[in-house]
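Each remark here refers to the structure printed beneath this line.
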């Protein structure tokens, strides 16, 4: 995609918004820059510059550090028959809880372990 204007024509607010969009997208800087028509180096520089300035604008702050939640894993129930695993997704995916907790799930995972983790997180009111 070609940029709609040269990188120097973006305002600070537009730069902050694009950096925030990239961080929220989960895409790499390179992939996001390509998708919006910016040189990768330009977007990387904007990210660095905003952090150097100590921007406190919510749109410019990095994603919050994940909180750790203690998880107790129950032993597997033997009375529950294990099903054959369904074909998995072709790309990693995320499960986002209402309070903002994000669980990133790779393409290869143990469905039973994921179910136990989600059950424990739901019980802890995430």
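Between residue 21 and residue 93, how many nm apart are label points set 7 Å from Cα along the C-beta direction?
The modelled label-to-label distance comes out at 2.6 nm.
Pop a pseudo-label 7 angstrom from the Cα along the beta-carbon direction at both residue 30 and residue 48 and give the gap in nm to one decimal.
1.7 nm
Can you tell me which of 112-123, 41-52, 94-105 comes out highest on packing, and rank the rest after it, using the mean Cβ neighbours within 10 Å? Write down the numbers at each step before the final one.
Numbers: 112-123: 13.6, 41-52: 15.5, 94-105: 11.7.
The packing order, highest mean first, is 41-52, 112-123, 94-105.
Hey, what did the stretch 1-51 get for relative contact order, percent, Cα under 8 Å, at least 6 apart?
RCO, the stretch 1-51: 46 percent.
If I model a spin label as a point 7 Å beyond the Cα along the Cα-Cβ vector, how far apart are those points for residue 5 and residue 103 in nm?
Label-label distance for residue 5 and residue 103, simple model: 4.4 nm.
Bear in mind that the values in this text are calculations on the coordinates, not laboratory data. Because the structure is predicted, anything quoted here is derived from the model rather than measured. Cβ coordinates were reconstructed from backbone atoms using ideal geometry, including for glycine residues, and neighbour counts include every protein chain displayed.
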